[in-house]
Amino acid sequence: MAVDRSRLPSLGPERPFRFPEIRRATLANGVRVWTVEHRQVPLIAILALVPVGASSDPSNRPGLAAITGDMLDEGAGDRSALEVNEALGRIGAQLDLEVGHDATVLALTTLQRYLPRGLELIRDMLVRPRFEQREFDRVRDLRLNRLLQMKDMPPALADRAFTQLLYRNHPYGHLPIGSEGALRSLVIRDIGAFHRRAFAPARTTVVAVGDASHEELGAAVAAAFEGWAAEPDGTIADPDTFPDPTAPASRLAIVHRAGAAQSELRIGHVALPRKAPDYHAALVANMVLGGQFVSRINMNLREDKGYTYGARTAFEFRRAPGPFVLHASVQSDATADAIREALGEIRAIRTDRPITRSELELGRASLTRGYPRSFETADQIARGAAQLALYELPDDYFSTFIPKVLALDEADVTAAAVKHIDPARLLSVVVGDREKLLTGLKGLELGDVADVAVQ
Amino acid sequence: MNLSYTKHTLPNGLDVLIHEDHAVPIVAVNLWYHVGSKNEVPGRTGFAHLFEHLMFEGSQHYDRGYFHPLQEAGASLNGSTNADRTNYWEVVPTNALDLALWMESDRMGYLLPALTDAKFANQRDVVLNERRQNYENRPYGLAGMAIVSALYAADHPYHWLTIGAAEDIQAARIDDVRAFFQRYYHPRNASLALAGDIDAEQGLALAEQYFGEIPAGEKPDPVIVPPPQPSRQDVRMVLEDRVELPRLYLAWHSPGLFKDGDAELDLVAEVLSSGKTSRLYRALVYEQRIATEVAASQNSREAGSFFQIVATAAPGRTLAEVERAIAKEMARLIERGPTAAELERCLAQAEAHFLFRLQTVGGFGGKSDQLNAYNTFLGDPGYFARDLERYRSATPVLLRAAAETHLTPAGRVILSVVPRGRVALALPGSQPVAVS
């Protein structure tokens, strides 16, 4: 049978997909236990979420939450730092310890038969970290060295400058790793105090996903966590009470990097929180503007102009309003033109080139038809569930995602773009060679070019 | 632990591998061409990768970019080039399988009629920007080039990295694209794997339907390279870079992908640097605190691998100290081998990694990608179980022997990357190396 190449084949009927069922329970001490059966491969993913992250750093201690998280596997319970690591290795576990702006997450994937051991290790790290002085000294040195090395990494420099200029003194105004001065001034007591304040059973959600029944998963989590009796020692600010950040002092800033081979760009402003009612509409608007390969900004900057290997935009959703931001690394002699084109695209989507019907359909289709893909592995499912826990999303969130996106029309999506992306407020940060770029940047007419010193 | 499949070869020579997994209504389409930067020649380096970019710019019957219809159908898609192969993949909802096969077959059969000077010039700029972003503007980004250029002679195809030299990319011509396509992009030099929510018979029929009409082409001659002669003396080089901390690279020639000793050296790398209780991490980073990080790896490739250790000196510590500490640990490993307990831990990790790789049908490293790797390099997509057995049958004695044979104390390529203007921080006797 010859192929008809005069047109693309049409899509067949969609196959149904049952989103994983999360079964929810709460232990007497307040730990929420969520389980999902996922039986394709004999693996288990265990994830512990504590909704406390870098935004809970005291203002004079940026980096405290992150180093506390980093210290969790440096000796816990009956095991020294080396013994924790050896135990993880012996069950073939892959451990990720992540501290973001809003949360600390421990995620571990291991073989199904090691479910109890994996939980015991996660529990000890979360509940019984040792926080020993010599381990702290070493871990702090490693973080200081990391900060030192970040001075030569354009993406890290851009993220740091963008974050600081955008949020200033707001709890989101620093990267989780913090600053050199704050890290140096920390003492081990700070870590222990922060842990006692932040890590409490009533704040914790443990998600177990994998090749076992709900009952087996739930019983194993309960056995590991039911003995945890701590009360939080102090309070953690609720992100709903964070003040609005004050507007940046300038609209264009440069971090000088002599002889840079490219310019690293961040362009954005503070936007909306994860719980905003028009979350889905904002997602679709971003798909059209810069959220996928065929978006306007990537097609312009990469596929038309060849200025960059790729440009993308995203709303970084958090509990309090997170940033809308464009990321790109562009060739130096096209820096001003790339910024001009990007700003032009952002402006146009709200004014003279509104979102068309076909763009709307493309954006909605990419999001919805691709959605089941994110439920393939136990770890993906655990992380998806953790989003529901962190942002207090409804239980039927997964199964209502597709209908909610499909119900959006051009007006909804345009309204979200207009509301949440404002060209007049955009801050542009450039990491590049100041001497070579200054004339071109001044031509953008974004006011004075602020110099940002590398700390 | 197994990775089931069926294999058929179409009359035009295209291998079709199918793996059924109905857990999620998605199918992975994964296509390998047995061509990479190893097939390039000096003066035209970087070409296989530049060519890969052009595969996304449209083909004769759909000439409006490759991404649009697939992203609209809910696909994720990408491609990559390395020294030995180029791969392309889509993960699509089951109902878009026809679309993905139509698109992949159209660019295999009908790329050239849609090729234009404008597309070529645009993607050359994009690739030059990729190079700036991932190599030139990145700390230590040029070290890999210095290492392979010293390990391999100038006419050896592993002498350059897949990204190639900037001047070669600039010198590429559109006629080169045509010749390259005709030589390497045809069914006889390709392997198609479909994995996911698909019936094996139906999958084969679809593959036949979309790819069967494409002429076979001639199988390219394999790239034959003389086995590199490991030096009996260390080669010491220094590269100045925009970095804060000096970093040391040690590299040795090692057995090729799937050859005797390859899995053993992969495990040796685990013993040396996987986790805090690994030999090098524990000694250099945890106990002596002379390094901020250390990584060992067996970089397995078809025509010969290299084993590499990379360590960054802690502030105030010297690369000479770091080198001595590494040499001491290597000597200890070569003398006594790993302990049974160490090997047990590394095997547990290796087995877990085999299981982790069974979790996804597509993408880089998913099941479809693995089937194609085994088929392309060994002609045996069923190699998964034997691949695992290569690890399971390892013993402390075998690991010791592999380390002793290949990781010789004096046959190393050693690169010091130091902050600009501070060449004195390099290992003594290092010669400046020019890469850009």
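At a glance:
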read-out	value
Candidates A:R383, A:R364, A:R318, A:R357 - the one that is under 18 Å from the mean Cα position of the chain (by Cα) and under 27 Å from B:T94 (Cα atoms)	A:R383
Failed item, numbered, when B:A295 is tested on (1) within 14 Å of chain A (Cβ to nearest Cβ); (2) surrounded by fewer than 23 Cβ atoms within 10 Å (Cβ to Cβ); (3) aliphatic (A, V, I, L, M); (4) under 19 Å from B:R247 (Cα atoms)	(1)
Pick from the stretch B:74-94, criterion at the interface with chain A (Cβ under 10 Å from one of its Cβ atoms) and either touching a residue at least 40 places away in the same chain (Cβ under 8 Å) or crowded, with 23+ Cβ neighbours inside 10 Å (or both), ranking: nearest to the chain's Cα centre (by Cα)	B:N78
Residues satisfying the stated conditions in the stretch B:327-351, i.e. part of a helix (DSSP H, G or I), closer than 14 Å to B:A269 by Cα and away from chain A (no Cβ under 13 Å)	B:E329, B:M330, B:L333, B:I334
Some residue of the stretch B:57-68 being farther than 30 Å from B:P222 by Cβ, more than 12 Å from chain A (Cβ to nearest Cβ), in contact with a helix residue (DSSP H, G or I) (Cβ under 8 Å, 6 or more places away or on another chain) and not in a loop (DSSP other than H, G, I, E, B)	no
Single unsatisfied condition, A:L64 versus (1) within 14 Å of chain B (Cβ to nearest Cβ); (2) farther than 21 Å from B:I198 by Cα	(1)
Sole exception among (1) exposed (fewer than 14 other Cβ atoms within 10 Å of the Cβ); (2) touching a residue at least 12 places away in the same chain (Cβ under 8 Å); (3) in a loop (DSSP other than H, G, I, E, B) for B:A434, by number	(2)
Lone qualifier among B:L245, B:L239, B:L206 - being part of a strand (DSSP E or B), modelled with pLDDT of 95 or more and in contact with a strand residue (DSSP E or B) (Cβ under 9 Å, 6 or more places away or on another chain)	B:L239
Flag for A:A54 being touching a residue at least 60 places away in the same chain (Cβ under 8 Å), surrounded by fewer than 24 Cβ atoms within 10 Å (Cβ to Cβ), of a type in the set (A, V, I, L, M) and more than 8 Å from chain B (Cβ to nearest Cβ)	no
Tally, over the stretch A:236-268, of residues that are under 30 Å from A:A193 (Cβ atoms), of a type in the set (V, I, T) and either in contact (Cβ under 8 Å) with a residue 60 or more places away in the chain or in the same structural domain as A:A193 (by TED's automatic domain parsing) (or both)	2
Residues being in a helix (DSSP H, G or I) and under 16 Å from B:A296 (Cα atoms) - total across the stretch B:310-323	2
Residue within the stretch B:15-26 that is on the phi > 0 side of the Ramachandran plot and in contact with a Gly (Cβ under 9 Å, 6 or more places away or on another chain) present	no
Residue within the stretch A:323-331 that is in contact with a strand residue (DSSP E or B) (Cβ under 8 Å, 6 or more places away or on another chain), polar (S, T, N, Q) and buried (at least 17 other Cβ atoms within 10 Å of the Cβ) present	yes
B:I147 being surrounded by 20 or more Cβ atoms within 10 Å (Cβ to Cβ), part of a loop (DSSP other than H, G, I, E, B) and not acidic (D, E)	no
Complete set of residues in the stretch B:150-170 that are loosely packed, with under 15 Cβ neighbours inside 10 Å and assigned to a helix (DSSP H, G or I)	B:E167, B:Q170
Residues of the stretch B:409-426 classified as among the small types (G, A, S) and assigned to a strand (DSSP E or B), total	1
Flag for B:P25 being under 26 Å from B:I163 (Cβ atoms) and surrounded by fewer than 21 Cβ atoms within 10 Å (Cβ to Cβ)	no
Search result, residues across the stretch A:332-367 that are of a type in the set (V, I, T), more than 26 Å from A:K436 (Cβ to Cβ) and crowded, with 20+ Cβ neighbours inside 10 Å	A:I349, A:I355
Subset of the stretch A:81-104 that is at the interface with chain B (Cβ under 10 Å from one of its Cβ atoms) and touching a residue at least 40 places away in the same chain (Cβ under 8 Å) - its residue that is surrounded by the fewest Cβ atoms within 10 Å (Cβ to Cβ)	A:A81
Single residue of the stretch A:30-42 satisfying the filter (over 30 Å from A:I191 (Cβ atoms) and surrounded by 24 or more Cβ atoms within 10 Å (Cβ to Cβ)) that is farthest from the other protein chains (Cβ to nearest Cβ)	A:T35
Unique match (being surrounded by 13 or more Cβ atoms within 10 Å (Cβ to Cβ) and closer than 17 Å to A:P372 by Cβ) among A:L11, A:L27, A:L49	A:L11
Residue, surrounded by the most Cβ atoms within 10 Å (Cβ to Cβ), within the stretch A:296-322, restricted to residues that are touching a residue at least 40 places away in the same chain (Cβ under 8 Å) and in a helix (DSSP H, G or I)	A:L301
Odd one out for B:E90, checked against (1) touching a helix residue (DSSP H, G or I) at 6+ places or on another chain (Cβ under 9 Å); (2) under 25 Å from B:A179 (Cα atoms); (3) not in a helix (DSSP H, G or I)	(2)
Residue within the stretch A:430-448 that is farther than 26 Å from A:H269 by Cα, hydrophobic (A, V, I, L, M, F, W, C) and buried (at least 21 other Cβ atoms within 10 Å of the Cβ) present	no
Given (1) over 30 Å from A:A260 (Cβ atoms); (2) outside any helix (DSSP H, G or I), number of the condition A:H280 does not satisfy	(2)
Tabulated pairs, the stretch A:367-389, first on the phi < 0 side of the Ramachandran plot and more than 10 Å from chain B (Cβ to nearest Cβ), second in a helix (DSSP H, G or I) and surrounded by fewer than 22 Cβ atoms within 10 Å (Cβ to Cβ), C-beta under 6 angstrom, 6+ apart or interchain	A:I381/A:F375; A:L388/A:Y397
Number of the exception - B:A340 against (1) crowded, with 22+ Cβ neighbours inside 10 Å; (2) over 27 Å from the mean Cα position of the chain (by Cα); (3) not charged (D, E, K, R)	(1)
Hits in the stretch A:14-24 - residues which are modelled with pLDDT of 95 or more and exposed (fewer than 14 other Cβ atoms within 10 Å of the Cβ)	A:E21
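The values are calculated or read from the model by the stated rules, or taken from the named source; none is laboratory data. These numbers come from a predicted model, not from an experiment. Note that each Cβ is placed from the backbone with ideal geometry, even for glycine, and that neighbours are counted across all protein chains shown.
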